Amino acid sequence: MSRFVILSGPSCVGKGPLYSALRKFYPDLADNLQQVVLYNSRDPRPGEREGVDYYFRSRAKIEELAKKSGYTSAIVRGDLQAIELASIRAILDQGRDAFFEGNPFIPAKLSELSELQEIPTLKVFLAPLSRDEILFLKDPLQRTDLEKLLPDIMRRKLLRRTKRQKTILSLKDLENIEQRVASAIVELREAWKFDYVIPNHDGEDSEHWDAFYYPIGDARKALLAFAALLQGETPPRVEKWEKDLLP
């Protein structure tokens, strides 16, 4: 039976390279996934393609779409995104799995829609910290402020990724990074709503995805875990987070 597969997590946590690695090393699994293309108000990043990664439209245009029946939208790290519900149905009707790779805010909106609640789903969240690490860091004895530490972790990843893409960062680039940094802990608080959480320290800035042909480190572990979930298995590496895990 076709299903709706959701891979979500904070910006730069590694969702994109995980999907790319799946296409390379598990082509049969990847071929059954057809990506749902969202509308996005931001400008394309280097290498992104219209109609493949997103439909890039002005904010005003997306606001118009969001008012129409059959669309839902959300503010995502300062950008406005929208999704057409019919695009999900069209993929499922072809006998393939509809695949969403992105933020957790759009899936949250979709879960509120009665017309999609009967669709089988597999919801996977990619996290930059494990449950055990969070429990350790939130222990008062560690004197660690997670609301400061997590932004610093994600800021370093985002800075490295953006420097690889552009070399010289503009003020707009830095402002965009800070928007994504501020959103990271908000997005992590959504992880408990997902079926599975995969801890992954190798974000999109990591060379572990493709510098050595085969993924290594956490990149490899995340790939193996995601592939196993798609095959109906429950690998030992995946976690289930409780609602109050994060402060």
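Hey, can you tell me all the residues within the stretch 79-123 that are more than 21 Å from E64 (Cα to Cα), in a strand (DSSP E or B) and out of contact with any helix residue (DSSP H, G or I) (no Cβ under 6 Å at 6 or more places or on another chain)? If the condition is that a residue be more than 21 Å from E64 (Cα to Cα), in a strand (DSSP E or B) and out of contact with any helix residue (DSSP H, G or I) (no Cβ under 6 Å at 6 or more places or on another chain), then D97, F99, F100, G102, T121, L122, K123 are the ones that fit. In the set (1) surrounded by 20 or more Cβ atoms within 10 Å (Cβ to Cβ); (2) under 27 Å from P235 (Cα atoms), N176 fails one condition alone, (2).
Set side by side, the residues V186, V238 differ, and just one is under 14 Å from the mean Cα position of the chain (by Cα) and of a type in the set (A, V, I, L, M, F, W, C), which is V186. Annotation note: of R155, R143, the sole residue that is among the basic types (K, R) and surrounded by fewer than 14 Cβ atoms within 10 Å (Cβ to Cβ) is R143. Within the stretch 193-247, being touching a residue at least 40 places away in the same chain (Cβ under 8 Å) and β-branched (V, I, T) holds for V197, I198, V238.
Listed by position, the strands (runs of 3 or more DSSP E) inside the stretch 1-50 whose residues that are modelled with pLDDT of 95 or more and over 25 Å from L188 (Cα atoms) number at least 1 are 33-35.
Note on the stretch 209-246: residues that are surrounded by 15 or more Cβ atoms within 10 Å (Cβ to Cβ), closer than 22 Å to I134 by Cβ and not hydrophobic (A, V, I, L, M, F, W, C) total 6. Each residue in the stretch 23-38 was checked for being crowded, with 20+ Cβ neighbours inside 10 Å and over 16 Å from K123 (Cα atoms), and 1 pass. When the stretch 94-136 is filtered for residues that are over 26 Å from Q179 (Cβ atoms), free of Cβ contacts under 8 Å to residues at least 12 places away in the same chain and either in contact with a Lys or Arg (Cβ under 9 Å, 6 or more places away or on another chain) or of a type outside the set (A, V, I, L, M, F, W, C) (or both), the ones remaining, listed by number, are S114, Q117, E118, D132.
The values are calculated or read from the model by the stated rules, or taken from the named source; none is laboratory data. Keep in mind that this is a model prediction, so the values were computed, not measured. Using ideal geometry, Cβ is built from the backbone for each residue, glycine included, and neighbour counts are taken over all protein chains shown.
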